[in-house]
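The values are calculated or read from the model by the stated rules, or taken from the named source; none is laboratory data. Owing to the predicted nature of the structure, the values given are computational and were not obtained by experimental measurement. Methodologically, a virtual Cβ is constructed for each residue, glycine included, from the backbone with ideal geometry; neighbour enumeration extends over all protein chains shown.
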Amino acid sequence: MGKVKGFKEFKRIDEEYLPVRKRLKSYKEFTLKPKESELNSQAARCMDCGVPFCHSGCPLGNLIPDFNDLVYNNKWKEALDVLHSTNNFPEFTGRLCPAPCESACVLGIIDPPVSIELIEKHIVERGFKEKWIVPKPPLERTGKKVAIIGSGPAGLAAAQQLNSSGHTITVFERDNKIGGLLRYGIPDFKLGKNIIDRRVNILTEEGIKFKCNIEIGKELKIQDLEDEFDAILLATGSTIKRNLEIPGNKLSGVIQAMDFLTHNNQYVDGQLKKHSEKFNAKGKKVIVIGGGDTGSDCIGTSNRHGAKDVINFELAGKPADERTSENPWPYWPFTLKTSSSHEEGVEREWSVLTKRFIGDKEDNIIGLETVKVEFDKEKKKFIEIENTTKRWDCDLVILALGFTGPEKELPSKLDIELNERGNISANSEYQTKKNNIFTAGDCRRGQSLIVWAISEGREASYHVDKYLMGSSNLPRKNSLGDL
């Protein structure tokens, strides 16, 4: 590495934010750009560690020490080339990925790890600023046509990879704009939608065709799809929302997180003139059930609406501040995580099980009832603690409980199978029982991270290309990325 003892000379820096009071006034991104010298110094912290465990932490197998060294030496364009060699959309992962690479960073054994995600984000932003990121259409076309169903990160990554091989790519999206969960499930304060648009514009100039407001089996018949395209890739995501099957779950005011976030994104985008009262947290006592990233997004959105107060329930117990002996490096740390949305105002409650929702005479939610729980390691289930019943007043309950799998209608119409987990069944080459139909992303592996979605899209594109041409020169992810 360019600065052999850099990890001893420089401290970790984290992304800084606008003050809470100021950032709650809008839905815009609120991160503050660090100085270039700070990024150079942070990249210098990357150790000459011999075995870069950050590779094993990253599902894409990003060449992290390589681009860190280039950033330290002010070779930003070369760093961008290295980053793009494994990651189609670092502007997305640099904002949304939970950075498992940092959890596996060797420096993290003794000190805070290198701020890899921050460096990644600013490499690609430098690339856009300097206009180094330009369309790269293929020199010639193969004559093969591929349909990609779904325009989330898996579908977009596969589209770009397959288009680069010269195939004619059409991406079908049932919503009115491209991006899938990136556009309608992620709040603008975490990912401004102009970030999606500028990348889609590049993909369009590279020759990829995008068709919105088309649901396969409705606006486009299944037979017409199969007749027109040589291969089909399903990247429809995991979209069946997990419900809470308890008394009162049909009351008005009990809503799904993804419905809440989608409505707000449509409002921010100008597709809706005003908030529907159903999805408006203004002046309400809000309870968000679910402690993951989606729950955090609902907290941040509720505070921007002007919620009276926000409470967050998590079924699991409160994590430790540091790794335990059962959770050693380099595995993902199950430690307490406080997001920017948590910092904006929320009461967090742990080991809480919701038993029933309480409504008024008009079937509006007015409260809920909970008990405290503890996890029994031998029985591998949560056990209710006696005499811990509690009632909570609320006007709005948001269920952020994740997803159970892909919708079943399209696989059924295509006559392809689901596995025992309810995901689309595919072999090791991402191929369904129909040789010309492939699948990638959350609909294949289940609800997961954006970095896994991009990885899946890239890997599936290799197999689609190989099916069409007999062999493929498309890059495959670093084998360490499977560890």
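I need every pair where a residue in the range 194-213 that is over 17 Å from residue 176 (Cβ atoms) has its Cβ under 8 Å from the Cβ of a residue that is assigned to a helix (DSSP H, G or I) and acidic (Asp, Glu), sequence separation at least 6 or different chains.
Here the result reads 195/91; 199/91, each pair linking the range 194-213 to a residue that is assigned to a helix (DSSP H, G or I) and acidic (Asp, Glu).
Scan (1) farther than 28 Å from residue 451 by Cβ; (2) buried (at least 17 other Cβ atoms within 10 Å of the Cβ) for the single condition residue 236 breaks and write down its number.
(1)
Which pairs have Cβ atoms under 8 Å, sit 6 or more apart or on different chains, and link a residue in the range 48-59 that is in the same structural domain as residue 83 (by TED's automatic domain parsing) and more than 20 Å from residue 5 (Cβ to Cβ) to one that is of a type in the set (Ser, Thr, Tyr) and in a helix (DSSP H, G or I)?
Pairs found: 57/103; 59/455.
What residue, among those in the range 419-432 that are touching a strand residue (DSSP E or B) at 6+ places or on another chain (Cβ under 6 Å) and of a type outside the set (S, T, N, Q), is surrounded by the most Cβ atoms within 10 Å (Cβ to Cβ)?
Ranking the candidates gives 424 first.
Name the single residue that is surrounded by the fewest Cβ atoms within 10 Å (Cβ to Cβ) among those in the range 72-129 being part of a loop (DSSP other than H, G, I, E, B) and among the hydroxyl-bearing types (Ser, Thr, Tyr).
85
Is one or more of the residues making up the range 267-278 surrounded by 14 or more Cβ atoms within 10 Å (Cβ to Cβ), outside any helix (DSSP H, G or I) and not charged (D, E, K, R)?
Yes: the range 267-278 contains one or more residues that are surrounded by 14 or more Cβ atoms within 10 Å (Cβ to Cβ), outside any helix (DSSP H, G or I) and not charged (D, E, K, R).
Among the listed residues 197, 188, which satisfies the condition of being crowded, with 19+ Cβ neighbours inside 10 Å and either at pLDDT below 95 or of a type in the set (Asp, Glu) (or both)?
Details: 197 fails: crowded, with 19+ Cβ neighbours inside 10 Å.
Being crowded, with 19+ Cβ neighbours inside 10 Å and either at pLDDT below 95 or of a type in the set (Asp, Glu) (or both) holds for just one of 197, 188, which is 188.
Could you tell me which residue of the range 345-367 is surrounded by the fewest Cβ atoms within 10 Å (Cβ to Cβ), considering only residues that are in a loop (DSSP other than H, G, I, E, B) and out of contact with any Gly (no Cβ under 6 Å at 6 or more places or on another chain)?
Checked the range 345-367; the qualifying residue surrounded by the fewest Cβ atoms within 10 Å (Cβ to Cβ) is 361.
Give me the residue from the range 1-55 that is farther than 30 Å from residue 341 by Cα and basic (Lys, Arg) and, out of that set, surrounded by the fewest Cβ atoms within 10 Å (Cβ to Cβ).
Among them, the one singled out is 8.
Filter the range 312-333 down to the residues that are farther than 15 Å from residue 103 by Cα and surrounded by 18 or more Cβ atoms within 10 Å (Cβ to Cβ) and list them by number.
312, 313, 314
So which residues in the range 279-292 are buried (at least 18 other Cβ atoms within 10 Å of the Cβ) and touching a residue at least 40 places away in the same chain (Cβ under 8 Å), if there are any at all?
Selection gives 281, 284, 285, 286, 287, 288, 289, 290, 291.
Only one of these conditions is not met by residue 226: (1) out of contact with any Gly (no Cβ under 9 Å at 6 or more places or on another chain); (2) of a type in the set (D, E, K, R); (3) in a loop (DSSP other than H, G, I, E, B). Which number is it?
(3)
Can you confirm whether the range 390-401 contains a residue that is closer than 28 Å to residue 166 by Cβ, in contact (Cβ under 8 Å) with a residue 12 or more places away in the chain and assigned to a loop (DSSP other than H, G, I, E, B)?
no
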